[in-house]
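A.B. asks: My structure is below; once you've seen it, I'll send some questions.
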Amino acid sequence: MTERLSGETGTAEVVVDARGFVTHWNGPAERLLGYPADEIVGRPACGLLFERPAPEEVRRAAAENTERWSGPLALRHRDGGRVDVVAIAHHGSGKWRFVCPIGRDGDARPEDDDLARWAFDQLPACSVSLYDAELKYRRSNQAMRPVVGLPDETVRGLDIHDITTQPQTINLADGLRRALETGEPVHLESFQRTGGERRIHAWSVDFAPLKDPEGEVHGVALIAHDITEQFWARKRLVLLNDAASRIGSTLDLTRTAEELLEVTVPEFADFASVDLLTALDSDIELGDGELSGTVTLRRVTHRFAPGTLLPTVLGPGGVDSYPEFSPPARALASGAGVLRNAEDLEFVEWMRQDARRAAIIQGQGYHSMMAVPLRARGVTLGVAVFYRRSRQDRMERFGRDDLLLAEELAARAAVAIDNARRYTREREAALSLQRSLLPQRMPEQGAVEAVSRYVPAGARSGIGGDWFDVIPLSGARVALVVGDVVGHGVRASATMGRLRTAVRTLSDVDLPPDELLTSLDDLVLRLAAENAPASEGDEIGATCCYVVYDPVSRKCTMASAGHPLPIIVSPDGAAAAAAVSVGPPLGIGGLPFEAADVDLDEGSLLALFSNGLIDVPDHDVDAGYERLRRALARPGISLDQACDAAFGGLAGTRPKDDVALLIARTRALGAERVATWSIPSDPTAVALARKGVSRRLSEWDLDDLTYSAELIASELVTNAIRYASDPITLRLIYDRVLICEVSDASSTAPHLRRARDWEEGGRGLMLVAQMAHRWGTRHSLTGKTIWAEILAP
C-alpha cells in the first residue's frame with residue numbers, strides 16, 4: 001500500500017448511511033482503494049472489508065452509536081489486495097463519516113535537533129499542535145495529546161475539521177487559515193469540549209505562523225492554554241459586581257429575593273430559591289444557636305434557567321418542613337453554607353424520605369446543590385438554595401469556590417432582604433395606624449350619598465397624612481372634608497389624626513368653613529411650636545378643603561387652605577372646578593381664608609381629593625387636574641364608576657403620594673319636608689307655635705312625636721321671646737330625624753344648668769336635653785339658631 005500511494009496527498013472520505021450503504025465517495029478514496037465513485041456509491045460498505053465480520057470494536061461502536069471512533073481497518077483494494085489504514089469515524093444524524101489520510105509516511109519526521117524536539121515535546125504549560133502549509137495536522141507535544149484525544153499516527157494528515165466536530169472548530173480553522181495567509185499571529189478564546197471529554201474548558205489560543213529564514217510560511221503552530229479556572233474566576237467577579245448593583249434596588253422583600261435569583265440563574269445555577277423562616281410571620285427573630293431540628297420555611301420566590309417550565313416541590317407562598325439532616329436545615333443550624341452532591345449519603349437519605357422531591361431532582365438531572373443561610377444583623381432570616389445540572393456549556397459540579405461565592409451573594413442579599421422586611425413591617429404599622437384614624441364607615445346622614453377611596457403611596461414614599469371625613473351637621477346639613485399633612489411616616493399619620501379630631505370638634509360648634517380653617521390654622525401653628533423640628537423637612541404643615549352642604553337650600557359653602565379645589569359635576573355631566581379662592585396652607589398664619597357659596601342642583605357630584613391624584617405621572621398638576629375633570633364629566637355616572645374613572649390615570653401603579661378621594665352626590669329636601677313660621681315677640685305666640693307643630697306632624701304622619709315636639713318647640717320659642725330679639729323663626733325639618741330649630745337675632749347662646757329647688761326658671765333646656773336625641777347652638781352673621789333632633793319612628 002505504501003508503494004501504491006507514494007507521493008499522493010489528500011484525505012479519503014467515505015459516508016455510510018444507517019442501512020450500511022455507501023452514500024459518498026471522494027477522489028482520495030478512489031486513489032486509496034481503486035474504486036471509482038459510480039461503482040461503489042449505493043453498495044454495502046461491508047464489501048470493502050478485507051475480512052468479515054468486522055472487528056469487534058467496530059461492531060460495538062456501531063451498536064452503541066458512539067460519537068467518534070478510531071482504529072485500524074483492513075480494507076480490500078479493487079484488485080483484491082489488502083490495504084491497512086488507520087481511520088476515524090464520526091457519527092451523527094444517523095450516518096457514519098470515515099476519514100483517513102493518504103500519501104503520508106507515518107514514520108517520516110524531519111531531522112530535528114534533539115534539544116529543540118525535547119523542548120517542544122515537554123513544554124509543561126503549553127499545549128502545541130503543528131499544521132503544515134496545507135493546514136494538515138503534523139504532530140503535538142505531550143501536553144496537547146490528551147487535548148486532541150487521539151494518537152498522532154491516527155490524525156496525522158487530517159485537517160482540524162476531521163479531528164473534531166465541535167461547533168467551535170470553525171473558529172479554530174479560521175484562526176489557522178488567517179495565520180497562514182497573513183503571516184501574522186492570531187489570538188482567540190474558545191469555550192469547548194476537547195479530547196472526547198464531557199467537561200467544558202475555556203482556552204486561550206494563539207496561532208503562530210512558522211516561517212523559514214526567507215520569511216515564507218510553511219505551517220502554523222496552534223498554542224493553547226487552559227484558562228478554565230481564570231474564566232470562572234472572572235465569571236464570579238462579574239457576578240459579585242452584578243449583585244452589588246442589582247440586589248436591593250427596592251424596599252420590596254419579594255422583589256429583593258427575585259433580584260438575587262436573577263443574578264445567579266442561569267449564570268451560576270440552573271435552579272435557585274429563597275425561603276424564609278415562618279417564625280418571621282409572627283415577628284419572631286432567631287439568632288445564633290436558636291435553630292435546630294426540623295425547620296419550617298416559606299417559599300418567597302424561585303427561578304429556573306430560561307426556556308424551561310419545570311415542576312417544583314413548592315410554589316411561592318407555600319410552606320415546607322426540612323428534616324435536621326437536610327442541607328437547608330444544616331445550613332440554618334450551623335450558620336454556614338452546605339455543599340452536597342447527589343450521591344452523598346445525607347442527600348440520598350433526604351431523597352429517600354421525600355419521594356416527590358427526589359423524582360423532580362432526578363428527572364431534571366440535578367447533580368449538586370448548595371444551601372446558604374440568609375443572616376443579617378445577627379438574625380437568621382432563611383436560606384437560599386442553588387441546584388446545578390449538566391448543560392452543553394457547563395458540566396462541572398459546584399465546588400468550594402462556588403460555595404464561597406454563594407455565601408458572599410447571600411450575605412449581600414440578606415442585608416437587603418432584612419432592610420425590606422423591617423421597612424415593610426414599619427410601613428404596615430404606620431398604614432394600620434393611619435387606617436385606624438380614618439373613617440371606618442360612612443356616617444348616617446341624608447344630605448348626600450358618598451363613597452371614598454384611599455390608596456397609600458408607593459413603597460419609597462411611605463405612608464402619608466392624607467385624610468377624608470363626612471360629618472353630619474345640624475339642620476340636616478353635612479360637612480365634607482379632605483386634608484393632606486406634609487411629610488410621610490408615623491409622624492405624619494399622628495398629625496393627621498390630631499387634625500381630623502380637631503376638625504370634628506370645630507364642626508360640632510357649627511363654625512363656618514372659613515372660620516373653621518382659621519381655627520385649624522392656629523392649631524397647626526401651636527403644634528409646630530410644641531414640636532420643634534429635629535431636622536429640616538420635619539416641619540408640620542397641612543392643606544385642607546372644608547365643604548358644607550345644606551339639602552334644604554341646596555347651597556354648598558366651601559373654603560380651601562392650600563388644597564386642590566373640588567370638582568363639581570352637574571347632573572347633565574358638565575364638570576368644572578369650584579369657583580373658590582384658595583387660601584394659604586395651614587401653618588402659615590396671619591392670612592385670611594375666604595368662603596364661597598355655590599348653588600347645586602339635586603344629583604350633582606362633588607369630588608374632593610388630595611393632590612396625589614393629580615400629581616401623576618410627571619408632576620404636571622394642571623394636566624392631572626384636567627385629566628380628572630374629563631374623567632368625571634359623564635352624565636349619569638355612578639359613584640363607583642366615578643371613583644374608578646378618577647383612578648384611571650394611575651394606570652394600575654402605586655402613586656408617588658397618598659391619594660384620598662371623596663365623592664358625594666347631593667340630595668335635596670323639598671318644601672313638603674320643611675315647615676317655617678315667623679314668630680312674633682309675644683308670649684301668646686307660643687300656643688300658636690304648638691298648634692302649628694301639631695298640625696304639621698299630623699300631615700307627616702308623626703303623631704307619636706307630637707308631645708315631644710310641642711314641648712321642645714314651646715320651650716325654645718319661649719326662651720327666644722323672653723331673652724332674645726326679633727326676628728324669631730321656628731322651622732321643622734323632616735329628614736332621617738325630626739329637627740326643630742328656633743332662630744333669633746341674639747348672639748347670646750344659652751347653656752345647660754341644673755336649677756335649684758326654689759328657682760322658677762332654668763328648667764327649659766333641661767327638658768329639651770331630656771326629650772331630644774341631640775341639641776345644640778349654631779351662630780350666624782345675623783344671630784343664632786338653637787336646634788334639637790328627635791328620633792323618628
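Just so it is clear, none of the values below were taken in a lab; they were calculated from the coordinates. Since this is a predicted model, take the numbers as computed values, not measurements. Neighbour counts are summed over all protein chains in view; Cβ atoms, including those assigned to glycine, are modelled from backbone coordinates with ideal geometry.
A.B. asks: Can you give me the C-alpha center-to-center distance between segment 327-352 and segment 561-634, rounded to a whole angstrom?
C.D. replies: With segment 327-352 and segment 561-634 each reduced to a Cα centre, they are spaced 63 Å.
A.B. asks: Given that just one value was derived from the coordinates, which of [x] 12, 25, 22, 17, 13, 8, 4, 0; [y] 16, 50, 31, 3, 0; [z] 12, 31, 30, 21, 6, 0 is P(r) over Cα pairs in 20 Å bins from 0, in percent?
C.D. replies: Given [x] 12, 25, 22, 17, 13, 8, 4, 0; [y] 16, 50, 31, 3, 0; [z] 12, 31, 30, 21, 6, 0, the calculated one carries the label [x].
A.B. asks: Once the dipole of segment 473-587 is set up with Lys and Arg at +1 and Asp and Glu at -1 on Cβ about the Cα centre, which of Tyr546, Ala561, Leu527 lies farthest towards its positive end?
C.D. replies: Of the listed residues, the answer is Tyr546.
A.B. asks: Kindly state, to the nearest 0.05, the FRET efficiency for Lys555 paired with Gln166, given R0 = 56 Å and r defined as their beta-carbon distance. Intermediate values should be presented prior to the final figure.
C.D. replies: Numbers: r = 88 Å, r/R0 = 1.57.
After rounding, the FRET efficiency stands at 0.05.
A.B. asks: Something else now. Would you tally the net charge around Asn341, using a Cβ to Cβ cut-off of less than 13 Å, leaving Asn341 out, and scoring K and R as +1, D and E as -1?
C.D. replies: Details: positive: Arg340, Arg388, Arg389, Arg397, Arg400; negative: Glu343, Asp344, Glu346, Glu396, Asp402.
So the surrounding residues net to 0.
A.B. asks: Which whole-Hz couplings ³J(HN,Hα) result when phi for each residue of segment 421-431 is put into the Karplus expression 6.51 cos²θ - 1.76 cosθ + 1.60, θ = phi - 60°, listed in order with x for Gly and Pro?
C.D. replies: Working through the residues one at a time gives 5, 5, 5, 4, 5, 5, 5, 5, 5, 5, 5 Hz.
A.B. asks: I'd like the Karplus ³J(HN,Hα) series for segment 200-205: coefficients 6.51, -1.76, 1.60, θ = phi - 60°, whole numbers in Hz, and an x wherever there's a Gly or Pro.
C.D. replies: Calculated HN-Hα couplings, in order: 7, 10, 9, 10, 9, 10 Hz.
A.B. asks: If you take the charge dipole of segment 2-101 about its Cα centre, with +1 on Lys and Arg Cβ and -1 on Asp and Glu Cβ, which of Pro53, Val85, Pro28 is farthest toward its positive end?
C.D. replies: Checked the options; the winner is Pro53.
A.B. asks: Using a Förster radius of 22 Å, what is the FRET efficiency between Asp620 and Asp597 based on their Cβ-Cβ separation? Nearest 0.05, please. Mind dumping the intermediate values first?
C.D. replies: Details: r = 31 Å, r/R0 = 1.42.
It comes to 0.10.
A.B. asks: If you stretched the chain out fully between Glu13 and Arg117, how much longer would it get, using 0.36 nm times the residue separation minus the C-alpha to C-alpha distance?
C.D. replies: Values: separation 104, 0.36 × 104 = 37.44 nm, distance 3.22 nm.
Value of the extension gain: 34.2 nm.
A.B. asks: Given R₀ = 56 Å, what would the calculated FRET efficiency be for Gln440 paired with Glu262, taking r from the Cβ atoms and rounding to 0.05?
C.D. replies: 0.85
A.B. asks: Here is a further query. Count charges around Gly583 for me, please; just the other residues with Cβ under 13 Å from its Cβ, Lys/Arg as +1, Asp/Glu as -1.
C.D. replies: -4
A.B. asks: Under the 0.36 nm per residue contour assumption, what length would be gained going from the current alpha-carbon distance of Thr228 and His773 to full extension? Present the calculation step by step, with values, prior to reporting the outcome.
C.D. replies: On the way: separation 545, 0.36 × 545 = 196.20 nm, distance 8.80 nm.
Length gained between Thr228 and His773: 187.4 nm.
A.B. asks: What is the gain in length, in nm to one decimal, between Asn65 and Arg422 on full extension, counting 0.36 nm per residue of separation less the C-alpha to C-alpha distance? It would help to have the intermediate numbers written out before the result.
C.D. replies: Numbers: separation 357, 0.36 × 357 = 128.52 nm, distance 5.91 nm.
Additional length available on full extension: 122.6 nm.
A.B. asks: Here's a follow-up. Size of the dipole of the chain about the Cα centre, Lys and Arg at +1 and Asp and Glu at -1 on the beta carbon, nothing else charged, in debye to 20? The partial results should precede the final answer.
C.D. replies: Working: 88 positive and 114 negative charges, 352 e Å.
Charge dipole, the chain, about its Cα centre: 1700 debye, nearest 20.
A.B. asks: Follow-up question, since we're still on this one. Can you list the lysines whose alpha carbon sits under 26 Å from that of Lys784, skipping same-chain ones fewer than 8 residues off?
C.D. replies: The qualifying lysines are Lys555, Lys691.
A.B. asks: Report the one residue of Asn611, Thr11, Pro209 whose Cα lies farthest in the direction of the positive end of the charge dipole of the chain (charges on C-beta: Lys and Arg +1, Asp and Glu -1; origin at the Cα centre).
C.D. replies: Projecting each Cα onto the dipole axis, the largest value belongs to Asn611.
A.B. asks: I want the local charge near Arg696. Using Cβ-Cβ distances under 13 Å, sum +1 for each Lys or Arg and -1 for each Asp or Glu among the other residues.
C.D. replies: Working: positive: Arg673, Arg690, Lys691, Arg695, Arg731; negative: Glu672, Glu699, Asp701, Asp703, Glu710.
That sum, taken over residues with Cβ under 13 Å, equals 0.
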